[in-house]
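The values are calculated or read from the model by the stated rules, or taken from the named source; none is laboratory data. Just so it is clear, the structure is predicted and the values come from calculations on it, not from any experiment. As a convention, Cβ positions derive from the backbone with ideal geometry for all residues, glycine included, and neighbour counts pool all protein chains shown.
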Amino acid sequence: MNIKQLMKQAQQMQDQMQQRVSTIKVEGTAGGGMVKAEMSGNKELLSITIDKEAVDPNDIEMLQDLVKAAINEAARKVDEEMQGQLGSMMPPGMKDMF
């Protein structure tokens, strides 16, 4: 395999990955589902849902922690999904290199 073919394959893989990223949507939750964050494969926060029971005017810090935890979980899930997608795209033998 020459370098031009290798570069062409790499570009095709990058294009495929960008297409797949645009279709990924994950949800992170916290507080037993009281706070939900939906995130795209580009790590854009699409929506956040907060249950009424999570809102305590006397404990704003708890709500802030729940929101942060839900967003962080969603971001982690995006990373996991991306790794799985990338692994499925790689030719046999290349997976072991990364």
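Could you grab me the full set of residues in segment 1-34 that are under 19 Å from GLY84 (Cβ atoms), free of Cβ contacts under 8 Å to residues at least 60 places away in the same chain and aliphatic (A, V, I, L, M)?
Answer for segment 1-34, where residues must be under 19 Å from GLY84 (Cβ atoms), free of Cβ contacts under 8 Å to residues at least 60 places away in the same chain and aliphatic (A, V, I, L, M): just VAL26.
Among ALA37, ALA69, ALA74, which is the only one that is without any contact (Cβ under 8 Å) to a residue 40 or more places away in the chain, among the hydrophobic types (A, V, I, L, M, F, W, C) and surrounded by 12 or more Cβ atoms within 10 Å (Cβ to Cβ)?
It is ALA37.
Checking the structure you have, find out if any residue of segment 40-52 is surrounded by fewer than 16 Cβ atoms within 10 Å (Cβ to Cβ), free of Cβ contacts under 8 Å to residues at least 60 places away in the same chain, closer than 30 Å to GLN19 by Cβ and among the basic types (Lys, Arg).
yes
Tell me, please, whether a residue that is under 19 Å from the mean Cα position of the chain (by Cα), of a type in the set (S, T, N, Q) and at pLDDT below 95 can be found in segment 42-54.
Yes, segment 42-54 contains a residue that is under 19 Å from the mean Cα position of the chain (by Cα), of a type in the set (S, T, N, Q) and at pLDDT below 95.
Considering each residue of segment 1-34, count those that are acidic (Asp, Glu) and surrounded by 15 or more Cβ atoms within 10 Å (Cβ to Cβ), and give that number.
Number of matching residues: 1.
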